[in-house]
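A short worksheet on the structure shown next.
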Amino acid sequence: MAEWWQDLFDEKYVTLFAEARGPLHTAQEVEALTTLLTTHGAPDGGQILDLACGLNPIALPFMGLPHDVDYYAYDIHQPRIGLINDFFTSQAIQPLAEVRDVLLNPPQISAGAAFLFKEAHRMEKRRKGCSRELVKAIDAKVTFISLPNRSLDGQRDLHQRMDNLFEQISAGLPGETGRREFPGETLYWIRKTDG
Ligand SMILES: C[S@@+](CC[C@H](N)C(=O)[O-])C[C@H]1O[C@@H](n2cnc3c(N)ncnc32)[C@H](O)[C@@H]1O
């Protein structure tokens, strides 16, 4: 049987990426994520890692996820994490957001899925190759990475560059890789095969 995230990141995810995952569209993104997860369900239990999470986790209470899903979210920005945990607490959700530099200290939790959205290309500016090291260091059945299709000013086409980056990140890692393009971003994934 297909796992929840396969469904999530297949056909139905088009809406989210097409309409909501532009760099400046956090509100719409949260709204679309809400609709998506409410409509299509979520995992029974398990762990999710949201790496360099920004405000993504604010969507969690609206995702229709079972309460036994542990949503671990990491960001270096303390006020953001404080806000997320306050919000989680107010919703009776475990405040599992943590201030952490995931490059220096990758989480060691075994997870069903890990998200690295909109940040790997920026991380590379800090240290070339670091996003691959991060992906290698975490333990997730599937790691989803989203990268932009165009530069922030809209002037430059980044498809080739981002495809190349994903190739560098995933080169030689065990598992299947995939790619799905949306108007604003491309979603890539590495799915560990058994063993
Ligand atoms: C462009 S936002 C992306 C947020 C979110 N992933 C999304 O899809 O909306 C980048 C976030 O990554 C965080 N960040 C950057 N480097 C990080 C690192 N090494 N460890 C943890 N968080 C990091 C920043 O503080 C910021 O909140």
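A short reminder: the numbers here are calculations on the coordinates, not readings from a lab. Just so it is clear, the structure is predicted and the values come from calculations on it, not from any experiment. Please note: Cβ atoms are built from the backbone with ideal geometry, for glycine as well, and neighbour counts cover all protein chains shown.
Brief remarks on what is shown
- The local environment of Met123, defined by Cβ-Cβ distances under 12 Å, has a net charge of +3 under the rule Lys, Arg +1 and Asp, Glu -1.
- Likely footprinting exposure, Ile145, Ile58, fewest C-beta neighbours within 10 Å first: Ile58, Ile145
- In nm, spacing of pseudo-spin labels at His77 and Glu133 (7 Å Cα→C-beta vector): 2.4 nm
- Mean Cβ count within 10 Å, highest first, over the residues of peptides 111-120, 150-159: 111-120, 150-159
- Residues Gln91 and Leu173, FRET efficiency given R0 of 35 Å [Cβ-Cβ distance, rounded to 0.05]: 0.50
- Theoretical gain in end-to-end length, Lys192 to Asn164 [0.36 nm per residue, Cα-Cα removed]: 8.1 nm
- Summary of packing: across the peptides 80-87, 169-176, the per-residue average of other C-beta atoms within 10 Å ranks them, highest first, as 80-87, 169-176.
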